[in-house]
Ligand SMILES: [Zn+2]
């Protein structure tokens, strides 16, 4: 199992998607660039790591394409309607 150590000089931000807008778009905490998890073009971000629990995406670690900040996304919808 490969463990990537995060550079301590690089800040890691954490965003709870369940607390933001419906379409999942959020702004980079550092540079304010709008990032949509549905945009898979990698123009806005790069996926560094994903965590899947029970076939559901539980955690997504991305890197902002503009400022290179590491952003950890949690709170993905689990396919349940409240
Ligand atoms: Zn950024």
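The values are calculated or read from the model by the stated rules, or taken from the named source; none is laboratory data. Keep in mind it's a predicted model, so treat the numbers as computed, not measured. Cβ placement follows ideal geometry from the backbone for every residue including glycine, while neighbour counts extend to all protein chains displayed.
Of all the listed residues (18, 69, 36), the sole one being within 12 Å of the ligand (Cβ to nearest atom) and in contact (Cβ under 8 Å) with a residue 12 or more places away in the chain is 69.
The residues of the stretch 19-43 that are on the phi > 0 side of the Ramachandran plot and surrounded by 15 or more Cβ atoms within 10 Å (Cβ to Cβ) amount to a single one, 24.
Count of the stretch 52-65 residues, restricted to those that are surrounded by 14 or more Cβ atoms within 10 Å (Cβ to Cβ) and modelled with pLDDT of 90 or more, is 8.
Summed over the stretch 1-20, residues that are closer than 11 Å to residue 71 by Cβ and either at pLDDT 90 or above or in a strand (DSSP E or B) (or both) total 4.
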